[in-house]
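Nothing in this text is a laboratory measurement; each read-out follows from the coordinates by a stated rule. Note that the structure is predicted; figures quoted are calculated from it, not measured. Quick reminder, even Gly has a Cβ in these numbers, built from the backbone with ideal geometry, and neighbours come from all protein chains shown.
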Amino acid sequence: MRLILRELFLNRSLFNFMGSYMDKAYKLIRSGRVFEGGAHLRDILARQRAAMDFYSWEAFARLEAVRHPIKEIMHLCPMTSRSFHKPRGYAGDAVMIDHIYGLGDAKFAPHPATLEGQVYFATMNSASIRAVRFRRDILAKLIDETVKKAGDGQARILSIAAGHLREAELSQAIREKRVGELIAFDQDAESLAVVNHDYAGLNIHPIQGTVRQLIGGKAKYSGLDLVYAAGLFDYLEQPVGKRLVEKMFDMVRPGGKIMIANFTHDIPDAGYMEALMDWWLIYRSPEQVIDLFSGLPQERIGKLEAFYDPDQNIIFATVSKLA
Ligand SMILES: C[S@@+](CC[C@H](N)C(=O)[O-])C[C@H]1O[C@@H](n2cnc3c(N)ncnc32)[C@H](O)[C@@H]1O
């Protein structure tokens, strides 16, 4: 905190200058040009984030940006506001992610003809949010491919940090009960209760547990066909991420596959997410993502593949184990 205050003191005039750019976004929104104002806001926050060192940026985000009147407007968006206030103690909970998918609490979304509704629409159509929807599609395809390969009723799959496991609704194999077992593993009991309710009778088993338990061996799995984690590595420091990748690889059978997804570095929405959603993720370059796999026994790796969503906001990496 002392460091942040020091940066605030040193950068006072720069921060005032940035505030004037935020004024422009505010005026655009107030005049009814909500989508344009939202895009302008994301753009200027991205530029400032890129131009500043981390401490100056953090000081601006935590102490200045949140005092600008545009914060109250952007917090009319229930997703932005939920991330900022963190009713479950962390940003990015499954209820918040449901807004992105148009499920769950999204049914309470504000009416499109109101200012609230327009702010919501603007937020829901940014590049990072589109990427999260794309990620859900990828997960469902991966599940379907795994079931096709293993045969009906055979595939055993683990989703780490499953949230509400919304990919279940897009997977034909899950809907047709052709998955042998899908373990939905997450720290959040409330989210798992939703999985239990919404996907009962589909061979899905919610299990409460943490990454720490997986790494420490208190939660153990083996012989799985697929282990994946989406929306988790963005919260893990590199050494923890590497340990988890090693554990994931141990859990799959020969011929099985692991997959992780991570937001890429310098995505255009990072400034908005940090300053107005108080959502501080760990962004990774392709090299940092590949480095997560560097501790694996190279002689047992079949194939390592990496690809992006169309906006290049999320990088996906899969590794198969030699049969
Ligand atoms: C952004 S959501 C992703 C949910 C889902 N995988 C998706 O793609 O929609 C992040 C999830 O990670 C879980 N999570 C975060 N840290 C965790 C940890 N250390 N151990 C277990 N779960 C964790 C949270 O409870 C939350 O449900």
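Observations, loosely collected:
- Ratio Rg/Rh [Cα only; Rh per Kirkwood] for the stretch 135-182: 0.92
- Distance between modelled label sites at SER222 and ARG88, nm, 7 Å Cα→Cβ extension: 3.1 nm
- Approximating the spin labels as points 7 Å out from Cα along Cα→Cβ, the PHE108-to-GLN213 distance works out to 2.8 nm.
- Here the Debye sum runs over all C-alpha atoms of the chain as equal scatterers in vacuum, and log10 of I(q)/I(0) at q = 0.07, 0.10 Å⁻¹ comes out as -0.31, -0.61.
- Sorting 264-274, 108-118 by their mean Cβ neighbour count within 10 Å, with the most densely packed peptide first, gives 264-274, 108-118.
- Among 199-207, 292-300, the peptide with the highest mean count of other Cβ atoms within 10 Å heads the list, and the full ranking is 199-207, 292-300.
- When the convex hull of its Cα atoms is viewed from all sides, the stretch 168-305 shows a mean projected area of 9.7 nm².
- Its relative contact order, with pairs defined as Cα atoms under 8 Å and 6+ residues apart, puts the stretch 110-258 at 20 percent.
- Here the chain is treated with +1 on each Lys and Arg Cβ and -1 on each Asp and Glu Cβ, and its dipole about the Cα centre works out to around 200 debye.
- Taking only the Cα atoms of the stretch 27-174, the ratio Rg/Rh comes out at 1.06, with Rh defined as the Kirkwood radius.
- In nm, spacing of pseudo-spin labels at GLU305 and ASN196 (7 Å Cα→C-beta vector): 3.6 nm
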